[in-house]
Amino acid sequence: MPSASRINLLPYSFAALGLTLASMPSMAISYGIYDSRALAMGGSATAIGSHAQAAFYNPALLAFHDKEEEEGRDGRVYLPNIVLQVSDATEAAINAIDDDLDTQLSGAINRFNAAPSLDSAGQVASSAQDLSDALDDIANQELNIDSFIGFNISEPSNREGGAFYFGARLIGGGLANVSEADSALLKDYIESMNKVAAGVDPATVAAEYPQLINTNGQLIDPTRTLTSNADISALAISEWGMAMAKQFEWGDYGLAVGITPKLMRVDAFRDTADFNDSLGSADEGIDKFSDTQATHITLNADFGLAATIKEHYRVSLTLKDAFEKSFTTTQAPDPLTGEEAPELGVTLSSRARLGVGYVAETFSVGVDYDLHEATPMANEAGTQELSVGAEYVLFDALALRAGYRQDKTGLRDNLISGGVGYQWRRFVMDIAYASGGNYRGGGLQLGWTF
């Protein structure tokens, strides 16, 4: 499966989502991180988020404002708004794709069969080693991505507010099923060809490794016999959302309610791919994954509550994508048997989150917690996140942020994050970075106030 993991797992998703990898089922759909401030603060934004973040995390936050629109000038426009989170194993697989390792091995074997020599044997061993190393890097590792790009406009007013956003979230997850037999076979190619390259009689090597030689006495190309595979799933979610909120006060207490109705276009992809499905070029593998695409237009909504206690303390409860949706994908007949394949499903589940926090003029700290484990898209593991974040503002212009994110299922590494925000006159900028285990993330957004 050099090609199986290389062609099946990753190029498919690149094409399907038009950006970076968005495939492989090993990542459930999390609550989501949609902007740089939240990424820097570990994802904690449902209680201590700003007005500009409210439409994404908790629409009720739009109502925590005590000035009229023209007075406060706290409206925000962000364009672009970009967040990308990706696993190290995904990057390794992308590099394998770029290096075209299976094609390199096939070419080296063809050259050796045409003109056996110490040099051509060494090329086969080197190419097989490169492919083996790439597979070792991704074998049974999570290959996932979660990215968002879009823009948003927010306008808080006196005890109420509104916001509009458009964005596309690309989600994918999965596991590269690299078989022990494939790894052992590549090891045989490496060992045998290194012996030939060292001057051992090819006939002696052939007798020691008969499984590598065909009836014509030539070296077999292993890229057509490897068996590793993957169940590939992905969602490309485009949303048009309009948030609105209203606050009600009783003495030192305030309760805000908010809703974000939205129109969604969901492009669902799912394929069970093995190497025999993708014989040929990477483009053919990409086309095959793209052929599973099914587009669905649907309505959904986010709901949010947020309470202020003694001015600075907040408690929030939110429900993201309140109405669970299931989507089917198109499956091609089995390329070997011609049998019709059953439709495969991808699920977009609702996610509930509790938040608590302390919010002051220059310092904020908060905690968000998923109330239940997120339902997988397909066959992947679930996720349940605990997020902690803090922000300190200097000189009314520079915001320093830090955060921590933990998956309570214990299946993923914890992440540490940080970032800065800066405002110069009406221009605002936020950048963030997150890292933990085999996962990395970055975010950038630019905007202005009005």
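Data table
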{"quantity": "Projected label distance in nm at residue 188 and residue 73, using a 7 Å step from Cα toward the beta-carbon", "calculated": "7.5"}
{"quantity": "Cα centroid separation - the range 163-208 against the range 45-87, whole Å", "calculated": "46"}
{"quantity": "Carbon + sulfur, % of accessible area of the range 167-223 - ligands and nucleic acids excluded, 1.4 Å", "calculated": "55"}
{"quantity": "Per residue value of the accessible surface for the range 37-136 (all protein chains in place, 1.4 Å probe), Å²", "calculated": "35"}
{"quantity": "R0 of 45 Å, Cβ-Cβ distance residue 446-residue 207: FRET efficiency to nearest 0.05", "calculated": "0.10"}
{"quantity": "Heavy-atom SASA rank of 299, 143 (probe 1.4 Å, accessible area, largest first)", "calculated": "299, 143"}
{"quantity": "Simple spin-label estimate for residue 252 and residue 225 in nanometres, 7 Å along Cα-Cβ", "calculated": "7.8"}
{"quantity": "Sites residue 215 and residue 411, calculated FRET efficiency, Cβ-Cβ separation with R0 56 Å, nearest 0.05", "calculated": "0.75"}
{"quantity": "Taking all pairs of distinct alpha-carbon atoms in the range 42-112, Kirkwood radius in angstrom", "calculated": "16.9"}
{"quantity": "Residue-wise HN-Hα coupling along the range 438-446, computed from phi with Karplus coefficients 6.51, -1.76, 1.60 (Hz; x: Gly, Pro)", "calculated": "9, 10, 9, x, x, x, 8, 8, 10"}
{"quantity": "FRET E, pair residue 149, residue 242, Förster distance 22 Å, beta-carbon r, rounded to 0.05", "calculated": "0.70"}
{"quantity": "Whole-Hz couplings from phi, Karplus 6.51/-1.76/1.60, listed for the range 102-116; x for Gly and Pro", "calculated": "5, 5, 4, 5, 4, x, 5, 5, 4, 5, 5, 5, 6, 8, x"}
{"quantity": "Radius 13 Å from Cβ of residue 430, net charge of other residues (Lys, Arg +1; Asp, Glu -1)", "calculated": "+1"}
{"quantity": "Virtual spin-label span in nm between residue 100 and residue 309, 7 Å along Cα→Cβ", "calculated": "6.3"}
{"quantity": "Calculated from backbone phi, Karplus (6.51, -1.76, 1.60) coupling profile of the range 30-39 in Hz, x at Gly/Pro", "calculated": "6, 4, x, 10, 10, 7, 5, 4, 5, 4"}
{"quantity": "Extension gain, residue 200 back to residue 265 (0.36 nm per residue minus Cα-Cα distance, nm)", "calculated": "17.3 nm"}
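The values are calculated or read from the model by the stated rules, or taken from the named source; none is laboratory data. Quantities reported herein were computed from a predicted structural model and do not represent experimental measurements. Here Cβ is always computed from backbone atoms with ideal geometry, including for glycine, and neighbour counts include all displayed protein chains. Just the protein is used for accessible areas: all its heavy atoms, side chains included, with ligands, DNA and RNA removed. Shrake-Rupley method; radii C 1.70, N 1.55, O 1.52, S 1.80 Å.
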